[in-house]
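Peer 1: One structure follows; several queries about it will come next.
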């Protein structure tokens, strides 16, 4: 009986930490995708991106299902998302000859979002509607970029990437301004 309880305890411990492990895997996937972008290994970059999206889609629901969701887990999840999009959009920007402005703004927005929500004090993150849409759009930008580089039939959409990039620069700046104004009103 003792070995059975021992293995049960191990399984429970592993399951308890699996959602955060999935979130943290995006840090490694960010390195993988950035390397593949700089190397021009588009299929590998796309594969890493798809894995990042899958882990992002399942880590939160898994944490809620396992009753392990927490403010710290939310910060790990959103932090991993931020690192992934900041680095991959940075790699994309350098590859396309665009400034690193969007990556810098995303970093500022995430820091502002974290501190504005009180995540540094253990409170859950509170996303604005615009911030949530921006987060989805950052992942979409990377996916569209990789799609245009991987599939020649999509390469005609490349000019759309520049438009989307600059639209996200504007919407990210607006999101930062919106959060700053709402924080000022609360004081």
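Peer 1: Considering only residues of region 18-49 that are without any contact (Cβ under 8 Å) to a residue 12 or more places away in the chain and closer than 29 Å to residue 69 by Cα, which is surrounded by the fewest Cβ atoms within 10 Å (Cβ to Cβ)?
Peer 2: 21
Peer 1: Conditions: (1) in contact with a helix residue (DSSP H, G or I) (Cβ under 8 Å, 6 or more places away or on another chain); (2) part of a loop (DSSP other than H, G, I, E, B); (3) surrounded by fewer than 18 Cβ atoms within 10 Å (Cβ to Cβ). Residue 98 meets all but one. Number of the miss?
Peer 2: (3)
Peer 1: While we're on this one: Scan 108, 53 and give me the residue that is surrounded by fewer than 20 Cβ atoms within 10 Å (Cβ to Cβ), touching a helix residue (DSSP H, G or I) at 6+ places or on another chain (Cβ under 8 Å), over 18 Å from residue 176 (Cα atoms) and in contact (Cβ under 8 Å) with a residue 60 or more places away in the chain.
Peer 2: 53
Peer 1: Would you please name the residue that is farthest from residue 70 (Cα to Cα), looking only at residues in region 115-126 that are crowded, with 17+ Cβ neighbours inside 10 Å and in contact (Cβ under 8 Å) with a residue 24 or more places away in the chain?
Peer 2: Result: 116.
Peer 1: For region 68-91, check the following and say yes or no: at least one residue is within 18 Å of residue 146 (Cβ to Cβ) and surrounded by fewer than 17 Cβ atoms within 10 Å (Cβ to Cβ).
Peer 2: The answer is no, given that none of the residues of region 68-91 is within 18 Å of residue 146 (Cβ to Cβ) and surrounded by fewer than 17 Cβ atoms within 10 Å (Cβ to Cβ).
Peer 1: I'd like to verify a number: residues in region 61-80 that are touching a helix residue (DSSP H, G or I) at 6+ places or on another chain (Cβ under 6 Å), within 20 Å of residue 117 (Cα to Cα) and in a helix (DSSP H, G or I), how many?
Peer 2: So the answer is 5.
None of the figures in this text is laboratory data; all of them are computed from the coordinates on show. The structure presented is a predicted model; accordingly, all values stated were derived computationally and were not measured. Note: ideal-geometry Cβ built from the backbone for every residue, glycine included; neighbour counts use all protein chains shown.
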